[in-house]
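The values are calculated or read from the model by the stated rules, or taken from the named source; none is laboratory data. These numbers come from a predicted model, not from an experiment. Note that each Cβ is placed from the backbone with ideal geometry, even for glycine, and that neighbours are counted across all protein chains shown. For accessibility, only protein heavy atoms count, side chains too; no ligands or nucleic acids. Shrake-Rupley method; radii C 1.70, N 1.55, O 1.52, S 1.80 Å.
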Amino acid sequence: MVKMRLRRAGAKKQPFYRVIVADERSPRGGRFIDEVGYYNPLGNSEIKIDAEKAKDWLAKGVQPTDTVKALLKKAGITE
């Protein structure tokens, strides 16, 4: 199954996440299919997600994780 999930980047104690589309069997920092956006939880919690790409992947049947689902809702992409 293909999922939309977070991939951690950034230094120690300074997390930065990329929203990616990947096979559920691949590891967190491993191979992915497409990058949809990013999320910076520090400071003012910046969320930037390409709405067209995200909607296209969701239409293809990609399942977002609970965290990504909440981020998509915050970004106004899904309800």
| Out of (1) surrounded by fewer than 17 Cβ atoms within 10 Å (Cβ to Cβ); (2) among the β-branched types (Val, Ile, Thr); (3) assigned to a loop (DSSP other than H, G, I, E, B), the odd one out for Thr67 is which? | (3)
| Failed criterion for Lys55 (all others in (1) of a type in the set (Lys, Arg); (2) open to solvent by 90 Å² or more (accessible area, probe 1.4 Å); (3) in contact with a strand residue (DSSP E or B) (Cβ under 9 Å, 6 or more places away or on another chain) hold) | (3)
| message | Just to be sure I understand the filter: pairs with C-beta atoms under 6 Å, separated by 6 or more residues or on different chains, first member in the range 1-15 and surrounded by 10 or more Cβ atoms within 10 Å (Cβ to Cβ), second member part of a loop (DSSP other than H, G, I, E, B) and of a type in the set (S, T, N, Q). Which pairs pass? | response | Arg5/Thr65
| field | Residue check for Pro27: out of contact with any Gly (no Cβ under 9 Å at 6 or more places or on another chain) and open to solvent by 80 Å² or more (accessible area, probe 1.4 Å) | value | yes
| In the range 59-79, what count of residues is obtained for those that are touching a helix residue (DSSP H, G or I) at 6+ places or on another chain (Cβ under 8 Å) and within 20 Å of Arg25 (Cα to Cα)? | 1
| Among the candidates Glu52, Glu35, Glu24, residue that is farther than 20 Å from Ala75 by Cβ and among the charged types (D, E, K, R) | Glu24
| message | Cβ-Cβ under 7 Å, sequence separation 6+ or interchain: first residue in the range 45-61 and touching a residue at least 60 places away in the same chain (Cβ under 8 Å), partner not in a loop (DSSP other than H, G, I, E, B). Which pairs? | response | none
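On the given criteria, is Leu42 buried (at least 18 other Cβ atoms within 10 Å of the Cβ), touching a residue at least 12 places away in the same chain (Cβ under 8 Å) and in contact with a strand residue (DSSP E or B) (Cβ under 9 Å, 6 or more places away or on another chain)?
no
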| request: For Lys73, state whether it is in contact with a strand residue (DSSP E or B) (Cβ under 7 Å, 6 or more places away or on another chain) and open to solvent by 60 Å² or more (accessible area, probe 1.4 Å). | output: no
